[in-house]
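The values are calculated or read from the model by the stated rules, or taken from the named source; none is laboratory data. Bear in mind the structure is a predicted one, so any value in this text is a computation, not a measurement. All Cβ positions, glycine included, derive from the backbone under ideal geometry; neighbour counts span all protein chains shown. Side chains are part of the model used for accessible areas, which takes the heavy atoms of the whole protein and leaves out ligands, DNA and RNA. Shrake-Rupley method; radii C 1.70, N 1.55, O 1.52, S 1.80 Å.
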Amino acid sequence: MVTTVRLSPLVEEHSRALGVDVVFFVVLYGVLVLGVRTEPRGLGALGVLAVVVVFHWLQMRFLVRLRFDDEGITVVRVPRRRRVAWSQVAGLVYTERGSGLPNSGSVYQLRLVLRGQEPPLGRFLTQVQRQELARGPVLMALPSLDGDGERRSDHLRRRVLRELAAHGFPAPEPRAWEFRTPLFSARALTAAVAMDVRGARAVAVRHGVDVTVEQRALLDRTLPGLAAEHGGAEAALREPDFTSFFFEGPGKAERAAAFLDAARAAVPARWRVSEGTLPAAGPDQPT
């Protein structure tokens with residue numbers, strides 16, 4: 001299924017097309033002067049300008065759009081067109097930049113983050129570090145990140161985000177520079193960064209979403225009990241497909257390592273136990 005979303009261009013999109021407008025004007029003027037042997041004056045000059053304005057409008061109407069299909073997304077901008085396969089996309093991010101106009105606010109951009117360019121998950125990064133990593137293709141420019149508006153740009157953003165979600169990429173949080181990956185929830189990413197800032201050690205148990213009654217007892221009693229025996233924090237991060245346990249204070253590394261060994265011995269073989277708040281990916285992870 002193919003879906004095309006024609007975007008409502010902001011100042012940024014208009015400014016990109018100005019170079020093409022200038023080239024078109026020069027060519028049109030040259031044709032009139034050198035080909036027709038007439039130099040536009042008065043109404044003729046106004047007519048030339050009107051043609052250039054119409055040409056600019058046509059660019060904005062037909063050359064600023066997104067095309068979604070089962071294989072990937074096509075980003076059409078003046079004066080280029082870029083095709084990105086879904087397999088190349090790691091996630092999404094909002095970026096922020098000045099509009100370039102006096103007494104005006106920021107312009108936000110919804111960008112793709114390509115594989116190999118994503119930030120290290122669960123690590124605290126400064127804003128400068130996050131800005132350096134957010135260099136993927138721009139999908140659309142936005143006047144704000146308020147998702148409840150009724151402007152045309154708000155409706156278009158919601159439509160674009162629905163299409164992205166339908167292809168497995170959830171919307172970022174409405175804040176600039178926060179990378180959103182489909183691998184983990186925003187809550188899990190926030191918890192991982194918080195634990196990184198605190199210097200805590202963590203052990204993640206990836207158990208999958210299908211847990212039997214007997215296995216539920218492991219999650220609700222056995223593993224929390226083992227964590228407590230090894231001096232783990234009372235609170236744990238519980239996600240539909242994994243659970244993370246935290247260790248802080250003196251000897252946290254040794255206590256976390258001991259719990260990891262004990263957990264591996266207690267859980268089914270198909271469950272994956274690894275260091276870190278976010279579970280390690282691997283071919284043997286449960287589904």
Would you kindly state how much longer the chain becomes between R152 and R81 on full extension, computed as 0.36 nm times their sequence separation minus their alpha carbon distance, in nm to one decimal? 23.2 nm
Please compute the contact order of region 218-274 in relative form: average sequence separation of alpha-carbon pairs under 8 Å and at least six residues apart, divided by the residue count, as a percent. 29 percent
Accessible area (Å², per residue) of region 74-201, counting only protein heavy atoms and a probe of 1.4 Å: 53 Å²
In whole percent, what relative contact order does region 88-207 give with Cα contacts below 8 Å and a gap of six or more residues? 31 percent
Listed by chain and number, the residues whose amide H is under 5 Å from that of G91, excluding neighbours fewer than 5 places away on the same chain and using placed H, are V113
Förster radius 51 Å - calculated FRET efficiency between R264 and R97 (Cβ-Cβ, nearest 0.05): 0.60
Can you tell me the FRET efficiency between R135 and A50 if r is taken as the Cβ-Cβ distance and R0 is 35 Å, rounded to the nearest 0.05? 0.35
With 0.36 nm assigned to each residue of separation and the Cα-Cα distance removed, T190 to L125 gains 22.2 nm
What's the FRET efficiency of R175 with E275 using the Cβ-Cβ distance as r and R₀ = 30 Å, to the nearest 0.05? 0.60
Calculate the spin-label point distance for T222 paired with R67, positioning each point 7 Å from the Cα along the beta-carbon direction, and give it in nanometres. 5.3 nm
